[in-house]
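Before any comments, here is the structure.
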Amino acid sequence: MGLISWYVVIPAATAFAITLVPKAKPMAIRWVASTGGFLLVLLSAIVSVKYWNLAAADIELLRTSMFTKLYMVEQWTWFKSIGIEYFVGVDGISVLMLDLTAIIIFTGSLASWYVTERPKEFFALLYTLVTGVFGVFVSFDLFLFFVFYEVAVLPMYLLIGIWGTGPRNYSALKLTLMLLMGSAGLLVGILALYHGSGIHSFNLIELSKIHFPEAFQLWVFPIIFVGFGVLGAIFPLHTWSPDGHASAPTAVSMLHAGVLMKLGGYGCLRVAIYLMPEGAIYWAMFFMALATVNILYGSLGAIKQKDLKYFTAYSSVSHCGFVLFGLLALNLMGIKGAVIQMFSHGIMTGLFFGLIGMVYGRTHTRMIPEMGGLAKVMPWLASAFYIGGLASLGLPGLSGFIAESHVFLGGFFGNQWHDITLMRTLTILATLSIVVTAVYVLRGLATVFHSTITNPEFEKLTDATLPEKISTGVLIAALAIGGMLPWLFVDLIEGSIFPFLNRLHESGMISSL
Amino acid sequence: MRNAWLVPGIPFFSFLIVGLFIRPLSEKAAGWVATAALFVSAFFAYSIAWDYFSHFGIGHEGPALVPWAFEWLRYQDHLTATIGTLIDPISILLMVVVTTVSALVHLYSIGYMAGDDGYGRYFTFLNLFSFSMLGLVVAPNIVQMFVCWELVGVSSFLLIGYYYRKPSAVAAGKKAFIVTRFADLGFLIGILILGYFGIEAFPHIGAKIQQEMAGLSSIPIQAIDFAFINHPATAHYILTTAGTVLGLSTLAVACILIFMGCAGKSAMFPLHIWLPDAMEGPTPVSALIHAATMVVAGVYLVARLFPSFAAAGTPLDVVAFIGTFTCAFAAIIACTQDDIKRVLAFSTLSQLGYMMLALGVATAVSPLGHTASMFHLFTHAFFKALLFLAAGALIHGVHSNEIWDMGGLRKKLPVTHLTFLAATLAIAGVPPLSGFFSKDEILRAAVENHHPIVFGVALFVAGLTAFYMFRIYFISFWGDARSEKAEHAHEAPAVMLIPLIALALLAIFAGFVPMGEYLGTSHGGHHGIHWNIAIPATLAGLIGIALSAFMYTGTRERYVAVARALGGMYTVVKNKFYVDEVYLFVTKNIIFHYIARPIAWFDRHIVDGAINLYAWLTGALGRGLKPLQTGQVQTYSAWWISGAVFFIILLWMKLS
Amino acid sequence: MTETITTALFYIFAASAVLLAFALVLTRRILRAAVWLMGVLFCSAAFYVLLGAEFLAGIQVLVYIGGIVVLLVFAIMLTSSFELLDDHPSALRRILGILTAGGFFAVTALALLSTKFPVKAYHGEAISDVEKIGKSLLNYGPGGYVLPFEVISVLLLAALIGGIVVARKVLVKDPEAKS
Amino acid sequence: MNELMTLTPGLYHWLLLTLLLFSVGLYGLLTRRNAVGVLLSTELMLNSAALNFVIFNRYMAPGFVDGSIMAIFIIAVAAAEVVVAMAIFVALLKLKKTADVTLMNELRG
């Protein structure tokens, strides 16, 4: 069993181990969960280093190749008759995503240290969910990809339904139904690809060798893109995100906003754009306009939010808009920016939701107007919140800036298939968001943390405890390293983005002939 | 030259060490370590200046070296953001100014902030600010400039909002950050344009420039380096190939957008509202950030991109116009303010207007304005920092900002009084002191480049400056103590006085530094004074002083009569022409009320509503079909038979 | 001559059967409806005779009228204590009933009339020769009905027991309800 | 359609007759509110069906007796059906205190 399969085995084993731990000892449950998380972080570190050495040699080769080069590949036939196989491997983009997920699940399980209500089922479900997410990022067989995708989406209903707060049944139901609606579209798309391709296999690499007829691509691309877009909170279908996150418990919204929404962006890139370049070129402008709406709409919507979680949910809708915007710029900087934004926004939202959970654990209210002057009482949490806020508004020195500068440059430089002035106006509209983000971040944080303490019993609140300090510390470190030393992972990604561009150029040539 | 990176490096490492390790241990030590770091960095700045000028000599344009740089972030092949240090005359000048003023302010803060509970946090942020300002000064490319630009903005936000328990301070911090952030939007779009056309031009002229610059920089020139952007070939390429936008050439549009960023940071007219409110922060912060260093960043950026501004032409006129207008506008308002720090803030605005208009009047052919602006920046940093620190000592003694609470402090705070007097004389442009020389250079530049209106306004403002500066001097130091607090005001502790005295000396002797020589832009090096400009300037100053002496020293309340005489005009000016209220109205009503709220409502009801409607529809459909199941056998059989009949008919039609 | 007599008899009995049927369906009082049913069954017994199935006519009268209808009348008498003896269906049910039944009648009539039935000439062969019926009932070769014969006996037994069980259980419970 | 023209009762006359009886029975089944009324209508329909067998036997297969046997079986089944129906009816009557079929709609949606 190679290194990569451990990514699926460890979380599944942790989930199983948690079910074995007796109900009476919640402490043991938390320790098992955290060790599971820690192992995953360790594993992702090893894999990243290993990938780094392996991939360094091939960057030149990849500049011209048409197919992503996978490393540490494992392949076993699963259903021979239909051509489904357990085909697992990793390339630059998935390594980054795996690191993100490992960090978020580790900090997530630490942040939910104080879940008192049935911790056993909570952590078991949490780790099944994460198994699904890991599975998606490593699998390169479309069917396996879809199976893990469903495993990632379904536990969400139970997690929000049981441990959530506020109108949890409504939002859990709404969230799951909308995501399933998206994945239904996805299934249609995948089957269309399977039948359209003529070869008898779901293998992504084999499928990428086939040139699908343009008419076929024109209708399959939007279905798959929207299928993933629902999870990436694309404009009209984003309403599940504010409600879903507002009623989800801390670790779940950390995982969901931090990682699951990245599944949407990752899927759009890996399946939609990779297999159907002409479709991507045809539909790019339409979805890019939607993404710009996403960006501005999300950030403007966040200004007037009263509840901290809605506030962050709208901001993550806006940041996910950046991911889609970057992807659709269809040039090197755009896609690279989108991938970095996936990583940096994942960490940021993880930090934000973790902190909101901790503040909620103390003040038992998430309404911004009701809170005030908390900085005096909990300086660590306040400064962590501020660092998260500054990262989200794209302060250089934190990873937000790297991603946003890439996306803006990508959007502004445009590509040879689309009208440059249209892309530039969309980019300038997107840049407006850095001001609007600054407005709502500072407004929100200033009211919550600064000026005088609103109600007296906040005086007695305590600052962060050790597990909380570790989880926020790890996340802040990831943000800072991502921001100050970008060359560590930017080359990691560039190698695996060139194939996407070569396929676009090559197919662009054909469609323009 | 190799250790140029130490100048920004030391404050950065001391920021990390103090912030993470020393602050939790002992606040006192944090203060001293931070100050020591700044002094060491100042020492290195001086040594670099010394090496540079001894190596390349003075009197001619020194080369722009990039002795140390590393590849930070690779966007595209020739578009790599490097982090490095660019050493050339103006960056050395800025380095010297920033490190000196910052070191002295750190020393001063030890006294001023003693006993404050956020003491360690204050020094950490001050170090962060010094690092980002120095990073900005030595930036070799426009991306590092933008990165440090934002970091400077954040540290000013953190420092203004230092007293976070005071809602007004928090609001002021927020306002400052958002306004500068809005201005940085222009800067960012300017970078995007320059980056795009830089990449387009690179294949054609990149190789030639790289080869030219080979000796100077340790790594190959990228498309966003200043050396590349300012190169005449690039400007020529952009002017010829890139199209025009709204009638202006693309280079002009880029430069104007970048100037928007500078206007935000240097608080030029439309974006000046945040500077007066920024006085909420501690006084040393105002002295360092909002007088000497951060606000001049805008002027420095325009100076840094001067060749492309000059090549594009129209942006320089915009700079000149905005500079002159702000200069006059701020000076008028300064005459009516009561809070000593607000007066100094508006005077800074006006002096920045001076620097901008000096740059605006300069042209590629006769860059005298460019030198004058840099010289004024040099001298202004010292006497304005001194003014703020002295005001700090006053506030420290009298515990109130209002000048009307002070009075007759001559005897109680002698050292502060003398240093304050020296600075006021300097800013008023009285001959022997530094203000006179730099203002004279600016006026000469205005005259030589045939800008009579600018010269007239500058002259008028020189008088106004003298007037409002001596107004606060006479009110706070002369006459008798107006409030009991002023009665037992006490002199500031020694650690605060040393920086005052040092700055006073600098303010007095800075004028004699032959700036033209160093910046290598004054032809023939005749540095002498041009009497045909000096006399009217000094006269204007003296008239101003006399006028304010007449109004504010006498026992009778002459200024009340004048205020009443001006009537409505006076109140309008006192309320800063209601610009703040306009901004507040726009943001509060227009943006929050008419855009953000409807979007939040729209999202909650329409988009969300659509999804809920869809859910309700399926439910309603289900409920609709329910009555079909009546439970009575007969209805079922009736349905059954009519169904059979229907199909038989269908079959019948099909068969026949 | 016998031809015209049979035609006349056919029309008499047909008319009376239809009238009785309509009466059965439309009367308000159930008891009367039972009597009309008896009348219809007598007419159909006559039809059997007209068709040459005398044996069947006998069975019809004996079993059907004698047994089943008597049982029905007996049941009606037993439940006469309950108020709903007269039955007046609402207008809507009537219309629906007419429509459905009419529709059915029209469609089936059309279908019957439009199909060509291979009618064979009838030369007086007995269609209900008792000896032949008896033989075929017990004949277990091809065309024999021994299996259905056995099954029908089982069915009758089951119905008998079922009827008693369902009815008796209620009676037992009934006394408590009464007291 | 033209066989109907002659007066002497041919196959189609008989078929129309039984069909009419069956439809009247159907009408009764659908509209009767009293359970027994429904039973009576079903008896009528069963009887017309048995009649049909005999008719077809007479006109289509004179030599055979299958039609009559089927008629006999129908009568047997009708008997069984009535017994069970009446038992249920009596039980329901005791339980619901009414014979009105329309009230017995517990199984509605």
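Would you point out which residue out of B:A600, B:A534 is surrounded by 13 or more Cβ atoms within 10 Å (Cβ to Cβ) and within 13 Å of another protein chain (Cβ to nearest Cβ)? Spell out how you get there, then give the answer.
Values: B:A534 fails: within 13 Å of another protein chain (Cβ to nearest Cβ).
Being surrounded by 13 or more Cβ atoms within 10 Å (Cβ to Cβ) and within 13 Å of another protein chain (Cβ to nearest Cβ) holds for just one of B:A600, B:A534, which is B:A600.
Please enumerate the residues belonging to the range A:393-408 that are of a type in the set (G, A, S), under 21 Å from A:G350 (Cβ atoms) and in a helix (DSSP H, G or I).
A:S399, A:G400, A:A403
Would you say A:Y114 is modelled with pLDDT of 90 or more, among the hydroxyl-bearing types (S, T, Y) and within 26 Å of the chain's Cα centre (by Cα)?
So A:Y114 does not fit the description; no.
Residues to consider are B:V560, B:V572; find the one that is of a type outside the set (D, E, K, R), under 33 Å from the mean Cα position of the chain (by Cα) and either part of a helix (DSSP H, G or I) or within 21 Å of B:F329 (Cα to Cα) (or both). Don't jump to the end; show me each part of the working.
Working: B:V560 fails: under 33 Å from the mean Cα position of the chain (by Cα).
Testing whether each residue is of a type outside the set (D, E, K, R), under 33 Å from the mean Cα position of the chain (by Cα) and either part of a helix (DSSP H, G or I) or within 21 Å of B:F329 (Cα to Cα) (or both) leaves just B:V572.
Quick check on A:H245: is it open to solvent by 10 Å² or more (accessible area, probe 1.4 Å) and either assigned to a helix (DSSP H, G or I) or not acidic (D, E) (or both)?
In short, no.
Hey, B:T80 hits all of (1) under 30 Å from B:P220 (Cα atoms); (2) at pLDDT 90 or above; (3) not small (G, A, S) but one; which does it fall short on?
(2)
Show me the helices (runs of 4 or more DSSP H) found entirely inside the range A:67-167 where at least 3 residues are surrounded by fewer than 23 Cβ atoms within 10 Å (Cβ to Cβ).
In the range A:67-167, A:119-138, A:142-153, A:155-163 are the helices (runs of 4 or more DSSP H) which contain 3 or more residues that are surrounded by fewer than 23 Cβ atoms within 10 Å (Cβ to Cβ).
Here are B:G525, B:G554: which of them is at positive phi and either modelled with pLDDT under 80 or within 14 Å of chain D (Cβ to nearest Cβ) (or both)?
B:G525
Taking the conditions exactly as written (at pLDDT below 80 and either touching a Ser or Thr at 6+ places or on another chain (Cβ under 6 Å) or aromatic (F, W, Y) (or both)), does B:L566 satisfy them or not? Step through it out loud before you land on a result.
Details: at pLDDT below 80: yes; either touching a Ser or Thr at 6+ places or on another chain (Cβ under 6 Å) or aromatic (F, W, Y) (or both): no.
So B:L566 fails the test.
So that you can scan it fast, the table gives a plain yes or no per residue for (1) more than 7 Å from chain C (Cβ to nearest Cβ); (2) open to solvent by less than 20 Å² (accessible area, probe 1.4 Å); (3) not in a loop (DSSP other than H, G, I, E, B); (4) not acidic (D, E):
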{"position": "D:F22", "(1), (2), (3), (4)": "yes, no, yes, yes"}
{"position": "D:L29", "(1), (2), (3), (4)": "yes, no, yes, yes"}
{"position": "D:V36", "(1), (2), (3), (4)": "no, yes, yes, yes"}
{"position": "D:L44", "(1), (2), (3), (4)": "no, yes, yes, yes"}
{"position": "D:A50", "(1), (2), (3), (4)": "yes, yes, yes, yes"}
{"position": "D:V54", "(1), (2), (3), (4)": "no, yes, yes, yes"}
{"position": "D:S68", "(1), (2), (3), (4)": "no, yes, yes, yes"}
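Quick one: what pairs do we get from the range A:238-251, first residue within 12 Å of chain B (Cβ to nearest Cβ), second part of a helix (DSSP H, G or I) and among the acidic types (D, E), C-beta under 6 Å, 6+ apart or different chains?
Final answer for the pair search is A:T239/B:D608.
Looking only at residues in the range B:637-656 that are modelled with pLDDT under 85 and assigned to a helix (DSSP H, G or I), which one is nearest to the other protein chains (Cβ to nearest Cβ)?
Across the range B:637-656, the extreme among qualifying residues is B:W652.
Being open to solvent by 10 Å² or more (accessible area, probe 1.4 Å), within 13 Å of chain B (Cβ to nearest Cβ), polar (S, T, N, Q) and under 30 Å from B:T82 (Cα atoms) is true for just one of A:S318, A:S399, A:S383. Which residue is that?
Details: A:S318 fails: open to solvent by 10 Å² or more (accessible area, probe 1.4 Å); A:S399 fails: open to solvent by 10 Å² or more (accessible area, probe 1.4 Å).
Selected residue: A:S383, the only one of A:S318, A:S399, A:S383 that is open to solvent by 10 Å² or more (accessible area, probe 1.4 Å), within 13 Å of chain B (Cβ to nearest Cβ), polar (S, T, N, Q) and under 30 Å from B:T82 (Cα atoms).
B:Q144 versus (1) more than 25 Å from B:L506 (Cβ to Cβ); (2) of a type in the set (S, T, N, Q); (3) more than 17 Å from the chain's Cα centre (by Cα): which is the lone unmet condition?
(3)
Name every residue in the range B:425-437 that is of a type outside the set (A, V, I, L, M), in a helix (DSSP H, G or I) and farther than 23 Å from B:F325 by Cα, in order of residue number.
Hit for the range B:425-437 is B:S434, nothing else.
Whether any residue in the range D:82-104 is over 23 Å from C:L92 (Cβ atoms), away from chain B (no Cβ under 14 Å), open to solvent by 10 Å² or more (accessible area, probe 1.4 Å) and of a type outside the set (A, V, I, L, M, F, W, C) is what I want to check.
Within the range D:82-104, one or more residues are over 23 Å from C:L92 (Cβ atoms), away from chain B (no Cβ under 14 Å), open to solvent by 10 Å² or more (accessible area, probe 1.4 Å) and of a type outside the set (A, V, I, L, M, F, W, C).
Looking only at the range B:572-580, decide whether some residue is within 14 Å of another protein chain (Cβ to nearest Cβ) and closer than 30 Å to B:Y468 by Cα.
No.
Is there a residue in the range C:52-72 that is out of contact with any Cys (no Cβ under 8 Å at 6 or more places or on another chain), under 22 Å from D:K96 (Cβ atoms), in a helix (DSSP H, G or I) and at pLDDT below 90? Even if it seems obvious, please write down each step before you answer.
Taking the range C:52-72 first, the residues out of contact with any Cys (no Cβ under 8 Å at 6 or more places or on another chain) are C:52-72.
If we keep only those that are under 22 Å from D:K96 (Cβ atoms) as well, we get C:71-72.
From what is left, the residues that are in a helix (DSSP H, G or I) are C:71-72.
Add one more test, that the residue is at pLDDT below 90, and what stays is C:71-72.
Looking for residues that are out of contact with any Cys (no Cβ under 8 Å at 6 or more places or on another chain), under 22 Å from D:K96 (Cβ atoms), in a helix (DSSP H, G or I) and at pLDDT below 90, one finds at least one in the range C:52-72, hence yes.
Is there any pair with a first residue in the range B:107-121 that is within 11 Å of B:P284 (Cβ to Cβ) and a second that is among the aromatic types (F, W, Y) whose Cβ atoms are under 6 Å apart and which are 6 or more apart or on different chains, and what are they?
B:M113/B:Y119; B:M113/B:Y122
Do any helices (runs of 4 or more DSSP H) lying entirely in the range A:248-359 carry at least 3 residues that are among the small types (G, A, S), and which ones are they? Steps first, answer last, please.
Details: elements: A:250-255, A:261-267, A:277-303, A:308-328.
Here the list reads A:261-267, A:277-303, A:308-328.
For the range C:15-59, which residues satisfy the criterion of being under 19 Å from D:F53 (Cβ atoms), more than 10 Å from chain D (Cβ to nearest Cβ) and of a type in the set (V, I, T)?
Within the range C:15-59, C:V49 is the sole residue that qualifies.
This table checks each residue for (1) outside any helix (DSSP H, G or I); (2) surrounded by fewer than 20 Cβ atoms within 10 Å (Cβ to Cβ).
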| residue | (1), (2) |
| --- | --- |
| A:G410 | no, no |
| A:L432 | no, yes |
| A:Y440 | no, no |
| A:G444 | no, no |
| A:T454 | yes, yes |
| A:I470 | no, yes |
| A:I476 | no, yes |
| A:L479 | no, no |
| A:L488 | no, yes |
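Of the residues A:F458, A:F449, only one is more than 30 Å from A:F38 (Cα to Cα), buried (at least 17 other Cβ atoms within 10 Å of the Cβ) and within 11 Å of another protein chain (Cβ to nearest Cβ); which?
Working: A:F458 fails: within 11 Å of another protein chain (Cβ to nearest Cβ).
One residue alone meets the criteria, A:F449.
Okay, residues lined up against (1) in a helix (DSSP H, G or I); (2) under 20 Å from B:A502 (Cα atoms):
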{"position": "B:F420", "(1), (2)": "yes, yes"}
{"position": "B:K439", "(1), (2)": "yes, no"}
{"position": "B:R444", "(1), (2)": "yes, no"}
{"position": "B:H450", "(1), (2)": "no, no"}
{"position": "B:V461", "(1), (2)": "yes, no"}
{"position": "B:T465", "(1), (2)": "yes, no"}
{"position": "B:F470", "(1), (2)": "yes, no"}
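Of the residues in the range B:115-158, how many are more than 14 Å from B:T35 (Cα to Cα) and either assigned to a helix (DSSP H, G or I) or out of contact with any strand residue (DSSP E or B) (no Cβ under 8 Å at 6 or more places or on another chain) (or both)?
Total satisfying the criteria: 27.
Taking the range B:445-466, which residues are in contact with a Phe, Trp or Tyr (Cβ under 6 Å, 6 or more places away or on another chain) and open to solvent by 30 Å² or more (accessible area, probe 1.4 Å)?
Residue satisfying the conditions is B:V447 alone.
The values are calculated or read from the model by the stated rules, or taken from the named source; none is laboratory data. Nothing here was measured: the structure is a model prediction, and the numbers come from that model. Backbone-built Cβ (ideal geometry, glycine too); neighbour counts: all protein chains shown. Please note that ligands, DNA and RNA were not included when accessible areas were found on the heavy atoms of the full protein model with its side chains. Shrake-Rupley method; radii C 1.70, N 1.55, O 1.52, S 1.80 Å.
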